[in-house]
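Working notes for the structure below.
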Amino acid sequence: MNKTVNTALGPISVEAMGKTLVHEHFWFTYAGWYGNTLYVNDRKEMVKIGVDLVERVRAFGVNTICDPTGLDCGRMPDVLKEIADITGFNIIFSTGYSYEAEGGAAYFRWKNAIGQGYDELFELYMTEITEGVGRTGPKPGFIKVGTSLNKITPYEEMNLRVAAHVSRETGVPIASHTEEGTMGPDIAKFLISEGADPKKIVLYHMCGNSDVKYHKRCLSQGVWSSFDRFGVQGFVGCPMDEDRSTMFMGLIGTGYIDQLLMSQDMVNLWLGKPPAWPQPMIDSLANWSSTHIFERIIPAMQSAGLTDAQVDKILIENPKKLFS
Ligand SMILES: [Zn+2]
């Protein structure tokens, strides 16, 4: 069994992961932002914001963040490494392209059309994981992929296939974005049919779905279900925190705690020109932060019966098992 995981500072023992947030973004934006040359992010400022994030989560005992920013959505491993150097904090970042509407799909869609998409993408993910980003940089600890709302496009299917094959070869986990919590059972089924180990598959944003039968169709395949959008409330397809918590507690009550993960999908910095949110969104996102689950969600669940041992299982033991 592989007992180490790649972080921005190199491999560490999975025992050293400790309390882990499985889905937080030091920064993020949508593919194409780099075209706006009027707003180029200052590296020093990014490092400062990143160090501040580490300090805020450390106050709640967090030792590790998994940052699934797609390499087409602003992933910058060398800047993450600088933050890790300063803080000594574990940052597990990903390789992988995001889902079609959010990421930079055009390049590999074109390569796919001329029959070269799969091979080039496979070489990229394999090389990043085994040799490092750009062959010499830090190594990603997992593969991030994604699918669209209620469908998996041909481009996304190629990406999933590559991820399954690279995971099978290297043993690193695959984490898939689901749009509003849709397509989970299909993603799991497809990745498993392509040779991925279900225990290495994470379905993100499952808290976007309030259908218990749907959750069981995912979990019965042995994959991980990530409730990682606590604090994102009031958008189409995004249930409120109390809906997420109800489903989460219900799944624990029916015996699925060994497959559950928890986070907030917080974007701590939007690359490019900072967004000016309209007032209804400011209200909806009032509690959205990388410490929200510690400040509000877990305490509420504990008053509903969640034990300290169960909290440790979800935040410490389960992430460790995923990377073991
Ligand atoms: Zn995210």
How compact is the range 205-274 by the rule of thumb for globular proteins, expressed as Cα Rg over 2.2 N^0.38 Å?
1.20
Just order 134-141, 259-266, 270-277 by mean Cβ neighbour count inside 10 Å, highest at the front, would you?
259-266, 134-141, 270-277
What percent does the relative contact order of the range 4-323 come to when contacts are Cα pairs within less than 8 Å and at least six residues apart?
20 percent
Fluctuation leader among VAL57, VAL40, VAL311 - the chain, Gaussian network, Cα springs under 10 angstrom
VAL40
Report the net charge of residues surrounding GLN302, where surrounding means a beta-carbon distance below 14 angstrom and charges are Lys +1, Arg +1, Asp -1, Glu -1.
-1
Rounded to two decimals, what ratio of Rg to Rh does the chain give with C-alpha atoms and a Kirkwood Rh?
0.93
Long-range amide H partners of PHE227, meaning residues 5 or more apart or on another chain whose placed amide H is closer than 5 Å, are LEU261, MET262, SER263
How high is the relative contact order of the range 187-324? Use alpha-carbon pairs under 8 Å, at least six apart in sequence, and give a whole percent.
25 percent
Length released on extending from ASP283 to GLU15, taking residue separation times 0.36 nm less the Cα-Cα span
92.6 nm
To make sure I understand the rule: partners must be lysines, Cα under 29 Å from the Cα of LYS151, and not fewer than 8 residues away in the same chain. Which ones qualify?
LYS111, LYS189, LYS199, LYS200, LYS213, LYS216
Taking the alpha-carbon distance from LYS321 and a cut-off under 20 Å, which aspartates and glutamates remain once sequence neighbours fewer than 8 residues away in the same chain are dropped?
GLU15, GLU24, ASP67, GLU169, ASP197, ASP228, ASP258, ASP308, ASP312
So what's the gap between the Cα centers of the range 154-191 and the range 195-249, to the nearest angstrom?
15 Å
The answer for the range 4-323, accessible area per residue at 1.4 Å probe in Å², is 40 Å²
Determine which lysines satisfy two conditions relative to LYS81: a Cα distance under 19 Å, and not lying fewer than 8 residues away in the same chain.
LYS44, LYS48, LYS139, LYS144
With GLU157 itself left out, Lys, Arg at +1 and Asp, Glu at -1 over residues whose Cβ is under 11 Å from its Cβ give -2
Expressed as a whole percentage, what fraction of the accessible surface of the range 70-161 belongs to carbon and sulfur atoms when a 1.4 Å probe is rolled over the protein heavy atoms?
51 percent
Would you look at the GNM of the chain, springs on alpha carbons closer than 10 Å, and say which of ILE201, ILE114, ILE257 moves the most?
ILE114
For the range 1-41 and the range 250-310, what is the centre-to-centre distance using only Cα atoms, to the nearest Å?
18 Å
How high is the relative contact order of the range 122-223, given as a whole-number percent (alpha carbon pairs under 8 Å, six or more residues apart)?
24 percent
Cα-based Rg then Dmax for the range 96-234, in Å, read 14.7, 45
What's log10 of I(q)/I(0) for the range 30-164 at q = 0.17 Å⁻¹, Debye sum over Cα points only, no solvent?
-0.99
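The values are calculated or read from the model by the stated rules, or taken from the named source; none is laboratory data. Not measured: the values here are computed from a predicted model. Quick reminder, even Gly has a Cβ in these numbers, built from the backbone with ideal geometry, and neighbours come from all protein chains shown. In case anyone asks, the SASA skips ligands and DNA or RNA and just uses the protein heavy atoms, side chains included. Shrake-Rupley method; radii C 1.70, N 1.55, O 1.52, S 1.80 Å.
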